[in-house]
Amino acid sequence: MPELPDVHAFADYLESTALHKPIAHTHVDEAVLKHGTTVQAVAGAATGNAMEETRTHGKLLFARVEKKWLVFHFGMTGHFGYARTPQDPEHTHADFELENGFHFSYIAPRKLGFVDLTDDVDAYVNEKKLGEDALRVSADRFVELMQNRRGGVKSALMDQSLIAGVGNVYADEILLQAGIHPKSQVKSIDKDTLRTLHGVTQRVLKEAADRQADPSQFPTSWLIPHRQEGAACPKCTGKVQRIEVNGRGTFVCHICQNKIS
Ligand SMILES: [Zn+2]
């Protein structure tokens, strides 16, 4: 499922393909629109204009067309395509046909993402009750948010209303790098450790985004390329184990990660 680093990579992709290129025709599948937004509204905003800039917030990507912003959420397996003929027409739910003859496509095989339209990015983020973006939240605010939260640390990191952008895969990476077991109780983690967790969260997300969220480019000390029961731990001589945390498959190293309870 696309998380913050993937969404940054999608923003880079949009900027290197469709940015500033006039849109000749817009085709949107009504099924992917949210919150009463109509096909006509999206086509009216996009056609005749170009995507001029991008913004991201957590797992959301915004692309400005004139005065409005297209909103993209990528669900489980969503992504963009850019080609002379749409690469995956069956799963293309929004297609921006550019004047240069290329198609910029929003492709979502499992239909769990959405496309939307807004006048104001900040208001949209507030309306959707999203927490601060995980790469922009300050250390003080991060500690404050975590300290007011009950339950396990992995669930807290993944709670989009607290901090937006971290999902199942990056939560495991962050917690391995921080040496904290995912079932640790947040209220039992001291302030200094929470500050360390904030630093590790931002370092992991930034490094992944800088590498276009491509696991083959990740540091050898990272868990993501080794998410498999019994794989060698990338940080010690132990083995990676698969456990369940709130029903989500979670990969841990019991040597590297301490349970704080
Ligand atoms: Zn280990």
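The values are calculated or read from the model by the stated rules, or taken from the named source; none is laboratory data. A quick note: this is a predicted structure, and the numbers were derived from the prediction, not measured. Cβ atoms come from the backbone with ideal geometry, glycine included; neighbour counts cover every protein chain shown.
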Q.
If the requirement is being in a strand (DSSP E or B) and in contact with a Gly (Cβ under 6 Å, 6 or more places away or on another chain), which of these qualifies: Ser105, Ser161?
A. Ser105
Q | Every residue from the range 62-88 that is modelled with pLDDT of 95 or more and either in contact with a Pro (Cβ under 6 Å, 6 or more places away or on another chain) or in the same structural domain as Ala213 (by TED's automatic domain parsing) (or both) | A | Phe74
Q.
Out of everything in the range 164-195 that is away from the ligand (no atom under 16 Å from the Cβ), in a helix (DSSP H, G or I) and of a type in the set (S, T, N, Q), what residue ends up being nearest to His73 (Cα to Cα)?
A. Asn168
Q) What are the residue pairs meeting all of these: first residue in the range 73-96, first residue more than 15 Å from Val28 (Cα to Cα) and touching a residue at least 12 places away in the same chain (Cβ under 8 Å), second residue exposed (fewer than 13 other Cβ atoms within 10 Å of the Cβ) and of a type outside the set (Lys, Arg), Cβ atoms under 9 Å, and 6 or more apart or on different chains? A) Tyr82/Ser16; Arg84/Gly101
Q. Among Arg141, Arg110, which is under 24 Å from Met1 (Cα atoms), within 22 Å of the chain's Cα centre (by Cα) and outside any strand (DSSP E or B)?
A. Arg110
Q. If you go through the range 144-158, how many residues are touching a residue at least 24 places away in the same chain (Cβ under 8 Å), in a loop (DSSP other than H, G, I, E, B) and farther than 24 Å from Cys253 by Cβ?
A. 2
Q) Any idea how many residues of the range 138-175 are surrounded by 15 or more Cβ atoms within 10 Å (Cβ to Cβ) and modelled with pLDDT under 95? A) 1
Q. If the Cβ limit is 7 Å and pairs must be 6+ apart or interchain, which residue in the range 198-219 that is under 20 Å from Phe10 (Cβ atoms) pairs with which residue that is charged (D, E, K, R)?
A. Val204/Glu173; Gln212/Asp12; Ala213/Asp6; Gln217/Arg211; Phe218/Arg211
Q. Can you find a residue in the range 213-223 that is closer than 24 Å to Ser138 by Cα, among the hydrophobic types (A, V, I, L, M, F, W, C) and more than 24 Å from the chain's Cα centre (by Cα)?
A. no
Q: Look at the range 229-255 and say how many of its residues are within 14 Å of the ligand (Cβ to nearest atom) and modelled with pLDDT under 95.
A: 0
Q) Within the range 89-106, which residues are over 18 Å from Leu19 (Cα atoms) and either surrounded by 15 or more Cβ atoms within 10 Å (Cβ to Cβ) or not assigned by TED's automatic domain parsing to the domain that holds Ala46 (or both)? A) His91, Thr92, His93
(Q) Of everything in the range 203-227, what is under 27 Å from Val186 (Cα atoms) and within 14 Å of the ligand (Cβ to nearest atom)? Give them in sequence order. (A) Ser221, Trp222, Leu223, His226, Arg227
Q: Give the residue, chosen from Ala108, Ala156, Ala83, Ala123, that is under 25 Å from Val32 (Cα atoms), of a type in the set (A, V, I, L, M) and in contact with a helix residue (DSSP H, G or I) (Cβ under 8 Å, 6 or more places away or on another chain).
A: Ala108
Q: Given the conditions (1) under 26 Å from Ile224 (Cβ atoms); (2) part of a strand (DSSP E or B); (3) touching a Ser or Thr at 6+ places or on another chain (Cβ under 9 Å), report the number of the one that Trp69 does not fulfil.
A: (1)
Q.
I'm trying to understand the selection: among the residues of the range 200-253, which are surrounded by fewer than 15 Cβ atoms within 10 Å (Cβ to Cβ), in a loop (DSSP other than H, G, I, E, B) and either assigned by TED's automatic domain parsing to the domain that holds Asp12 or at negative phi (or both)?
A. Asp214, Pro219, Thr220, Ser221, Gln228, Glu229, Cys236, Thr237, Gly238
